[in-house]
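Participant: One structure follows; several queries about it will come next.
The values are calculated or read from the model by the stated rules, or taken from the named source; none is laboratory data. In this text, all values refer to a predicted model and were calculated from it rather than measured experimentally. Here the Cβ is made from the backbone with ideal geometry for all residues, glycine too, and neighbour counts use every protein chain on show.
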Amino acid sequence: EGVKQSYGDNASFKYFSEAEFNQYNFEVPDLVKDLVQKEIVLIEEHTGWEYSPLFIYQEDYSQYVPRGHYTKSEKLKNYFKVLIWYGRMTALIEGSPLLYPGESICTGDVGGIISEYDARIQTLQAFLLSNQFSQSRDLRERWNRIYAITSFLVGFSDDLGPNEYSEILKKLFKYEINPQEIEENYLELKETILDFPYNPKIYSGLGACELLMPCPPLSEKEIQALKLQAKELLEKTKGFRLMGQRFTLDSWLFSEIVSPYS
């Protein structure tokens, strides 16, 4: 059942970009049409925080307004929106036992952004995508070409991506994998990917998380507790991004000198 739902969600993940790139001449399959259309409407309206139909948690859809040279043509506008989406949307590894499937709350006392069930589905999604990625030389070459150019211009991502997930699959299985084996070995795969040394360093706004802030003025003990809470919430955003946004030193430095770290 988990693999079946993950395949369905991955179809939405794939067909979203094709529908966005080719808005006027691409027909989305009926199986995922509703989900894909809802996601596209939110991106086109870009009004702000809304719950993602596919990823469940809240996303800031105002980020999808094309800017700079990406406004010069429809193709560039669509390219911008697709790459921003693939750079921001994350298949989360960990979920909260306090949340129900389909529910998303992100505060310091919940212990996650989505439910454990939904995190399991999203992690299976990521490994299924990465398995396909590792088995297709054409996919790897296309992805590496885009990533190499943008890394040279901007920098590397601090997120986990298809290369890291593929590496774990190769280490654990060492042979061609079928989807059922991925589901059967879910717990081992999850623990292995959690131990991977890539961790997000900058909070992207994923889930619209809120710190539980005591009334000011804050004591030194309360400030330290707030810093710990922020660190734990950032760790909950760890997961798979197909083309993760790049780590930039200025953004990291800025995040370190504002509340609650300042």
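Participant: So how many residues does the stretch 44-76 have that are outside any loop (DSSP other than H, G, I, E, B) and either charged (D, E, K, R) or more than 15 Å from Arg88 (Cβ to Cβ) (or both)?
Facilitator: Residues that pass the stated criteria total 12.
Participant: Tell me the residue from Leu194, Leu98, Leu206, Leu187 that is closer than 30 Å to Leu253 by Cβ, surrounded by fewer than 17 Cβ atoms within 10 Å (Cβ to Cβ) and either modelled with pLDDT of 90 or more or of a type in the set (D, E, K, R) (or both), please.
Facilitator: Working: Leu98 fails: closer than 30 Å to Leu253 by Cβ; Leu206 fails: surrounded by fewer than 17 Cβ atoms within 10 Å (Cβ to Cβ); Leu187 fails: closer than 30 Å to Leu253 by Cβ.
None of the other options fit; the residue is Leu194.
Participant: Find all pairs meeting these conditions: Cβ atoms under 8 angstrom apart; at least six residues apart or on different chains; first residue within the stretch 156-180 and basic (Lys, Arg); second residue not in a loop (DSSP other than H, G, I, E, B).
Facilitator: The qualifying pairs are Lys170/Ser134; Lys171/Thr192.
Participant: Could you please find all residues in the stretch 224-239 being of a type outside the set (Gly, Ala, Ser), within 30 Å of Glu50 (Cα to Cα) and in a helix (DSSP H, G or I)?
Facilitator: Passing the criteria: Leu226, Lys227, Leu228, Gln229, Lys231, Glu232, Leu233, Leu234, Glu235.
Participant: To continue, here is another question. Yes or no: the stretch 241-260 includes at least one residue that is among the basic types (Lys, Arg) and within 14 Å of Ala126 (Cα to Cα).
Facilitator: yes
Participant: Let me ask something else about it. Would you check which residues across the stretch 189-215 are in a helix (DSSP H, G or I) and out of contact with any Pro (no Cβ under 9 Å at 6 or more places or on another chain) and list them?
Facilitator: Across the stretch 189-215, the qualifying residues are Leu189, Lys190, Glu191, Thr192, Ile193, Leu194, Asp195, Gly207, Ala208.
Participant: If you check Gly87, Gly111, which single one turns out to be more than 20 Å from Gly244 (Cβ to Cβ) and in contact (Cβ under 8 Å) with a residue 40 or more places away in the chain?
Facilitator: The unique qualifying residue is Gly111.
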